[in-house]
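A short reminder: the numbers here are calculations on the coordinates, not readings from a lab. The shown structure was predicted, so the numbers you read here are calculated from the model rather than taken from an experiment. Reconstructed Cβ throughout: ideal geometry from the backbone, glycine too, with neighbour counts over all protein chains shown.
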Amino acid sequence: MDKDAMITAVVDENIRSRRSARAFLPTPVPREEIDAVLRIASRSPSGTNTQPWKVYVVSGEARISLSAKILDVYNDPEKMKQHQREPFDWPQPYLGRRRKVGWDLYNLIGIPKADKERMHAQHGRNYAFFDAPVGLIFTIERVLKQSSFLDCGMFMQTIMLAACARGIDTCPQGAFIQFEKIIAEHLRLPEGERVICGMAMGYADPAAPENNLVTERDPLENFVRYIE
Ligand SMILES: Cc1cc2nc3c(=O)[nH]c(=O)nc-3n(C[C@H](O)[C@H](O)[C@H](O)COP(=O)(O)O)c2cc1C
């Protein structure tokens, strides 16, 4: 294999092998590794090089107490009333895809369809960052618009790939958005910043069944049109 073909194979394999991990070992991620991942990810493109992303790296006591504050609310229906999100009816085919990934995960960990309590508990694992030693909270300034969200998404994907290349696992976590108020207070976010996503980072537990989830992708013909 020549050098170019080798690079292509390595890059493709990195993209293919990245998966969302949902159970982590307590093994800490060295600060230099986190810095290296974030530094290379800052090479991500952004509209007119605006680089709108901000990331809060939460570990140790700060991570544990953030999780505790969120879970205290998440597990209390009365307190949850202040954190309700506007309902959104996902249309097909997105609804079907969401359900499939959910059932596939619950099947792997043995949660039957009717077991609302265990589903609630499993979703709650998000707020413990699935026990990952590092949690990332992504914010952008409130005044920014749609294109800045895209920029931040690209930044996040580059983080995940750069982490994967170093043997570090991740899980992007939109679940945190619901608890923006608690996060803002805990991290003392400036007034003008909004939480747009979270991410767990660490080393996946190879013995955890939830980490065997392999998600499907639609074939090209379902989402590509060549127009000549
Ligand atoms: C913006 C975004 C938000 C996500 N939020 C969550 C989340 O809150 N909890 C979770 O377990 N997975 C979350 N995921 C992971 C997706 O479920 C996952 O990427 C998808 O099922 C494809 O699986 P893969 O990442 O293993 O390829 C999120 C992914 C993205 C891109």
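Quick notes
- Separation of the ASN212 and GLU191 label points, Cα + 7 Å toward Cβ, nm: 5.3
- Summing charges over all other residues whose Cβ lies under 9 Å from the Cβ of GLU141, with Lys and Arg as +1 and Asp and Glu as -1, gives +2.
- Legend: helices of the chain (whole DSSP H runs) are marked when their alpha-carbon atoms reach 27 angstrom or more along the helix axis and their mean Kyte-Doolittle hydropathy is at least 0.5; marked are 146-165.
- Here the extension length gained between GLN51 and ILE177 equals 43.3 nm, from 0.36 nm per residue of separation less the Cα-Cα distance.
- Placing +1 on each Lys and Arg Cβ and -1 on each Asp and Glu Cβ, with no other charges, gives the chain a dipole about its Cα centre of roughly 340 debye.
- Here is the tail figure for region 2-71: Cα pairs spaced more than 21 Å apart come to 53 percent of all pairs.
- FRET efficiency for LYS69 and SER42, using Cβ-Cβ distance with R0 set to 30 Å, rounded to 0.05: 0.55
- Where N is the number of residues in region 72-156, Cα Rg divided by 2.2 N^0.38 Å: 1.36
- Cα→Cβ-extended label distance, 7 Å offset, between LYS79 and GLN157, nm: 3.7
- Stretching the chain fully between GLU13 and LYS116 yields a gain of 33.4 nm (0.36 nm per residue, less the alpha carbon separation).
- nm² value of the averaged projected area, convex hull over the Cα atoms of region 31-187: 11.1
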